[in-house]
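In what follows, a single structure is set out as structure tokens and then discussed.
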Amino acid sequence: MTLPAPDEDGATALHPGLGPQPSAAVVLAQDMDPALLQRIEDSSLNASAPPQQRWLDGWIVRTCPGKAKRARCINAVAPGVRTPQAKLVECEALFQQAGLPLVVRITPFTQPAGLDAELARQGWPMFDDTRVMVLAEMEGKTGEAGKTGEAGETGETGETGETGETGETGETGETGRAGLIRQTGPTDQTARTVEMAPPGLPPGWSETLEGALGYARTVGALRGSSALEVESHAQRLQGSPVPYTGLVWRDGAGAVQACGQFARDADLVGLYDIFTALAARGRGVARALCARLLQLALDEGARTAYLQVDAANAPARKVYTRLGFQDVYSYHYRSREA
């Protein structure tokens, strides 16, 4: 990909004389506190932070070789001093060095406000239209869908992403208020799991709390991820600045039927990597798993939940809506190589 070269003053990023143009990424819940929406965006950025990240004059530039686009794109979060066009030229070299296409994530918070319109004018296609959904009040909602047996869901119920948590393992353990056994002691990244019986599931099923590498391998196998993608996923989980909890549900034969993670950031919690095996779809498993994750997060002090889901994923959006989530804002990506 070749970008237009900056002019002698450093380039004019936005189309001359037009000023900021409307973005296709918009706030959908006008009655929701803008400060809460910004906190959710900040929390999701922290939750997806990879080791391969740098700050470039107001832009977070991520070049992780993993599967999640959130970890291999530009997030333009502040105006900076230099022009966007000049920064795009510099970022092109960074992404080429990493062997990745140059991708820009566009949100309602993107700076400058006209960046989306300018990229569209330059012929950068928009793709992966995504909805951020929020459950503003978790109290009283998590017990409404805790059992399996209901139809109406399929596959992976979120944006293609990889965020998770390191399972803590050690010599001794303790039981939390929700009944989940948490191990104390040094973090074990070899994915040692602690089994227990999850409530409301078919006889013989078990629940495990898995470490970063174990969870990356589990969800990677379901997705068909490459070895490099699994390794990159595990790296991000191990170094995540936000604490995560990853759960896996297996049947009596030990086959993975569903898995998911939550990332709790004070009173906010994000749901990530919700995946249901083909054999378990249409039985309410994803909804029950989400309810379980939300209850565990609520017990830890979370009060507001969020998630990111492909706008075209109608089955997943139906699951989340029934849990009480609503659309609050949209985001998408742009790339000349899309």
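Here is how the numbers come out for the structure above:
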read-out: Solvent-accessible area, 1.4 Å probe, carbon plus sulfur percent, for the range 194-312; value: 52
read-out: Long-range amide H partners of D267 with built H, under 5 Å; value: none
read-out: Order by protection proxy (mean Cβ within 10 Å, highest first), peptides 28-35, 117-124; value: 117-124, 28-35
read-out: Within the range 23-37: backbone nitrogen closer than 14 Å to the A113 label point (7 Å, Cα to C-beta); value: 23-27
read-out: Per residue Cα convex hull volume in Å³ - calculated over the range 257-306; value: 59
read-out: Dipole magnitude (debye, nearest 20) for the range 275-329, charges at Cβ of Lys, Arg, Asp, Glu; value: 280
read-out: The range 42-106 - accessible surface per residue (Å², probe 1.4 Å); value: 34
read-out: Cα gyration tensor, the range 211-255 - rounded (a/c under 1.5), prolate or oblate; value: oblate
read-out: Protein accessible area in the range 71-130, 1.4 Å probe - carbon and sulfur %; value: 56
read-out: Cα→Cβ-extended label distance, 7 Å offset, between Q38 and D129, nm; value: 2.8
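The values are calculated or read from the model by the stated rules, or taken from the named source; none is laboratory data. Keep in mind the model is a prediction, meaning the values are calculated, not measured. Every residue, glycine among them, receives a Cβ derived from its backbone with ideal geometry; neighbour counts consider all protein chains shown. For the accessible areas, the whole protein counts, side chains as well, though only heavy atoms, and no ligand, DNA or RNA atoms are used. Shrake-Rupley method; radii C 1.70, N 1.55, O 1.52, S 1.80 Å.
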